[in-house]
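Read through the structure below, which is laid out as structure tokens, and then see the notes.
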Amino acid sequence: MRIELVKGVNLNIIPSKQFKTTRIFISFIKNIESKKELAERALLANYLEMCSQNYPTQIDIARKLSQMYGASFGSSVDRRGNYQLVNFSIDYIEGKYLVGNEDLLSEVIEFLKEIIFNPLKVGENKNFDEETFTRQKNNTITYLNSIKEDKQAYATAKLRKLYFDNEIQQVPSFGESEDVEKLTISDLMDAYQKMLNTDRVEIMISGDVNTDEVVNKFSVLPFKARNISRASMSYTQEIKQEIVTQIDEEPLSQSKFDMAFRLPVVYRGDLHYAALVFNSLFGGSALSLLFTVVREKMSMAYYANSNFDPFRQLLVVQTGISYTNKDKVQELILEQLERLRKGDFEDELLEQNKNNLISSYISRLDSQTSALLRAQSAALTGINVTVEEWLDNLQSVTKDDVMKVAKMVELQATYMLGTN
């Protein structure tokens, strides 16, 4: 059930008796217009998670969560195409599993209200607390700089810069350290007011809840009506006329070789399910050609996989290889793509991959977080697909469908990190 609390703020209720907890997401959603915005909002999420007027320290927040029978709370940032999501999540035990059937919903909502609407401010000007701001800023910078030590993540980040024409898309959802470095308390205060008053808001709640009670209790959150951006969530770009390549030399025991392909299939579009099966066959599973041929049969990679982002129409292949095998590995990967284009794979392999995807999907039905994320995607896209529809759509994918998707794949960029 989806209810508009005020214009631009929606409450999505997913009643379920399957879980012993109730889980809540509150997502602030914005079409990002600059790299600075990504950094501001990521740092803002960290600041709001750590303190408020009535809970000025992490210890105070931890104590409050403990009083709510060990409720779990956190913030995060996420990206869906052109949109960035700032998420606040909390889960707590259902009242019927507590002594006296104590219902925590009102207390939990008051806690979220405190965190989101009453952040820690000090001084005559009521600015964010400088000590907390500086600590969270330094923590964020340290984390962003640490990505360089994760060579697989670092290689993917470098590939993203080669592939995307738009500088905002080149940057991860939590920004870059050089942008965080420049942020001031004033920047964060401005970002907070914009987020609170102009972002689209999607509230998701899953658990054994009463719909009328949930609507009534969430209505206490003092959201103001706001106009919602109609900008497309999906990011698209024109095909590059030449493949962009880059090699960075660094002594590694295992070189990283990544490839970026353009795959113009949109989320829940006509070929969405065929693209899921294609990716599984190509490199998205242990039954894929990249795994069974490039890694296992030819022993040319320590790992080889692919993943597809339909919100940015981007297919990425990641491999760990010996530096001297780079050209041979690229040739092998493209050979597997060509096999899929020509339909040079057994019907049995197609069915195995479809069954693997179906089994994975069914297993996620037992996850409360997955249920919320499915509902969130439906809210963001306006496309609601039932379990039965998803299974039918996936099962109906044919070899011809996979071949059609494979023929749409175009190599755009490659990145190599390592040394001979």
Quote the relative contact order of segment 244-418 in percent (integer), defining contacts as alpha-carbon pairs under 8 Å separated by 6+ residues. 41 percent
With a point put 7 Å past each Cα toward its Cβ, work out how far Lys297 is from Ser186 in nm, to one decimal. 6.3 nm
Applying the gyration tensor rule to the Cα atoms of segment 244-418 (axes a ≥ b ≥ c; rounded if a/c under 1.5, else prolate if a/b exceeds b/c, else oblate), the class is prolate
Taking 0.36 nm per residue of sequence separation and subtracting the Cα-Cα distance, how much length would be gained by fully extending the chain between Ser34 and Leu365, in nm to one decimal? 115.5 nm
Checked segment 1-126 with the C-alpha gyration tensor, a ≥ b ≥ c its square-rooted eigenvalues, rounded below a/c of 1.5, otherwise prolate if a/b is larger than b/c and oblate if not; verdict oblate
Which whole-Hz ³J(HN,Hα) couplings does segment 125-135 yield from phi under the Karplus relation 6.51 cos²θ - 1.76 cosθ + 1.60, θ = phi - 60°, glycine and proline marked x? 8, 6, 8, 4, 5, 5, 5, 5, 4, 5, 5
For Leu5 and Thr324, what is the calculated FRET efficiency with R₀ set at 56 Å and r taken between the beta-carbons, to the nearest 0.05? 0.40
Computed lengthening from Asn101 to Lys224, 0.36 nm per intervening residue step minus Cα-Cα distance: 40.9 nm
Arrange Arg226, Arg2, Arg41 by Cβ neighbour counts within 10 Å, fewest through most, would you? Arg2, Arg226, Arg41
Name the residue, out of Ala371, Ala304, Ala42, whose mean-square fluctuation peaks in a Gaussian network model built on the chain with Cα pairs under 10 Å. Ala371
Of Gln241, Gln330, Gln368, which is the most mobile in a GNM of the chain whose springs link Cα atoms less than 10 angstrom apart? Gln241
Taking Cα pairs closer than 8 Å and at least 6 residues apart, the relative contact order of the chain in percent is 22 percent
Expected sort for Tyr163, Tyr143, Tyr97 with the fewest Cβ neighbours (10 Å cutoff) up front is Tyr97, Tyr143, Tyr163
What is the calculated FRET efficiency for Val122 to Gln170, with r their C-beta to C-beta distance and R₀ = 51 Å, to the nearest 0.05? 0.90
Roughly how many nanometres apart are two label points built 7 Å out from the Cα toward the Cβ at Thr245 and Asp212? 6.9 nm
Extension gain Asn145-Leu334, at 0.36 nm per residue separation less the Cα-Cα distance, in nm? 64.7 nm
What number comes out for the charge environment of Val397, summing +1 per Lys or Arg and -1 per Asp or Glu over other residues with Cβ under 13 Å away? -3
Local net charge near Leu85, Cβ-Cβ under 10 Å (Lys/Arg +1, Asp/Glu -1): +2
Go through Lys256/Lys297; Lys36/Lys158; Lys35/Lys151; Lys137/Lys158; Lys121/Lys151; Lys20/Lys64 and tell me which ones have a Cα-Cα distance over 28 Å in this structure. Lys121/Lys151
Hey, which lysines would be in cross-link range of Lys407, C-alpha to C-alpha under 18 Å, not counting anything within fewer than 8 residues on its own chain? Lys240, Lys342, Lys399
Considering the zone a paramagnetic label at Lys20 would reach in this model (a point 7 Å from Cα along the Cα-to-Cβ line), which residues of segment 73-102 have amide N under 13 Å from it? 92-99
Just grab the label-to-label distance for Lys407 and Ser72, each label 7 Å out from Cα along the Cβ direction, in nm (one decimal). 4.7 nm
Can you sort Leu276, Leu373 from fewest to most other Cβ atoms within 10 Å of each residue's own Cβ? Leu373, Leu276
Among residues other than Ser322 whose Cβ falls under 13 Å from its Cβ, what is the net charge (Lys/Arg +1, Asp/Glu -1)? +3
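Computed from the coordinates by the stated procedures, all read-outs in this text should not be read as laboratory data. Because the structure is predicted, anything quoted here is derived from the model rather than measured. So basically every Cβ, Gly included, is an ideal-geometry build from the backbone, and we count neighbours across all protein chains shown.
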